[in-house]
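**Q** The structure's right below; bear with me while I get my questions together.
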């Protein structure tokens with residue numbers, strides 16, 4: 001995949017929010033939601049994005065799609081810079097990038113039938129109308145495992161898993177090359193999660209589009225992703241091929257995430273917790289490495305200098321001073 005032109009390229013993406021207070025609503029601080037994120041995504045590839053709540057995963061997703069405006073950085077889709085396009089200039093690119101939200105019920109209009117919801121993008125972009133649109137919507141329903149006769153039903157008449165299938169059908173309607181999945185199964189039962197994940201995998205094999213897949217569940221990420229990026233406090237601290245990351249985590253935070261996964265066998269001794277304390281406030285992030293306040297290996301350099309994301313092997317990058325010359329943090 002590295003020899004193919006990336007479908008999506010994100011360079012030094014930054015998103016800050018002003019904190020206002022007082023009677024005059026003056027700016028009293030800044031939330032560093034995303035603080036210099038860079039990655040690429042190849043055609044037909046799935047990049048999993050993981051990290052604790054509040055680390056900036058969803059903000060990255062929405063910034064990539066220009067649902068929120070980045071503070072700085074560059075976003076390229078098929079080699080075309082889309083970061084500074086106006087709404088009218090961006091509209092043709094909307095067909096190529098779609099999103100599936102976490103809460104399927106909140107993202108569906110309760111006053112519209114499921115068929116109208118899925119068919120609305122076709123009307124907005126002038127791709128189909130009348131009987132042609134109805135046939136296209138019926139085809140999309142079948143592709144995601146729903147019956148065409150359910151097109152006349154309203155969102156409240158579907159189960160949670162079915163509603164998420166409607167959201168997936170809506171995302172597919174314009175034939176996108178990139179679909180952002182913002183924790184698409186976290187609100188579903190475990191058995192339904194597996195069905196939706198397998199559906200996403202099958203659709204990708206059929207159509208060869210790419211996923212930016214955000215999740216908390218590492219098992220889900222391991223099942224669907226080709227590569228995995230780990231975020232902490234607005235920054236990517238490690239990114240690698242799935243097998244490499246799970247077998248050879250190099251950043252202490254990645255090691256801590258993997259050690260926190262529950263073990264089903266009570267006879268297996270749990271690893272010693274690798275981190276303590278809470279995530280620092282993004283309003284006042286630590287200097288240097290943002291993780292140094294919770295890292296058992298922190299050195300003086302970690303408190304002063306921000307480590308860059310550098311190569312740590314084939315298709316493996318890590319932002320940690322411990323890997324400079326040593327190759328890996330000691331997990332003992």
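Only the coordinates and a few stated rules stand behind these numbers; no lab work does. Source: prediction; values computed, not measured. Cβ atoms come from the backbone with ideal geometry, glycine included; neighbour counts cover every protein chain shown.
**Q** Using a Gaussian network model of the chain whose springs link C-alpha atoms within less than 10 Å, name the residue from 26, 163, 207 with the highest mean-square fluctuation.
**A** 26
**Q** Share of antiparallel DSSP beta bridges in region 172-248, in percent to the nearest 5?
**A** 55
**Q** A further question on this structure: Return one number: the angle in degrees, 0 to 90 and rounded to the nearest 10, between the long axis of the Cα atoms of helix 160-172 and the longest principal axis of the Cα atoms of the chain.
**A** Approximately 80 degrees, to the nearest 10.
**Q** Could I ask something else about it? With axes computed from alpha carbons, what is the tilt in degrees of helix 190-207 against the longest principal axis of the chain, rounded to the nearest 10 within 0 to 90?
**A** 80
**Q** Right, next: Once you order the gyration tensor axes a ≥ b ≥ c over the Cα atoms, which shape class does region 11-97 get: rounded for a/c under 1.5, otherwise prolate or oblate by comparing a/b with b/c?
**A** It comes out oblate by the Cα gyration axes.
**Q** Can you give the alpha-carbon Rg of the chain over 2.2 N^0.38 Å, where N counts its residues?
**A** Taking N as the residue count of the chain, the ratio is 1.06.
**Q** Next question. Roughly how many whole Å is it from the C-alpha centroid of region 9-54 to that of region 157-211?
**A** 25
**Q** Sequence gap at least 6, Cα distance under 8 Å: using those rules, report the relative contact order of region 31-123 to the nearest whole percent.
**A** 15
**Q** Right, next: In terms of the Cα gyration tensor, with a ≥ b ≥ c the square roots of its eigenvalues, is region 88-240 rounded because a/c is under 1.5, prolate because a/b exceeds b/c, or oblate?
**A** prolate
**Q** Another question about this same structure. For the chain, give the share of DSSP beta bridges that are antiparallel, in percent and rounded to the nearest 5; count only bridges with both residues there.
**A** Around 65 percent antiparallel, to the nearest 5.
**Q** If we count other beta carbons within 10 Å of each Cβ, what is the order of 91, 227, fewest first?
**A** Ranked by crowding around the Cβ, least crowded first: 91, 227.
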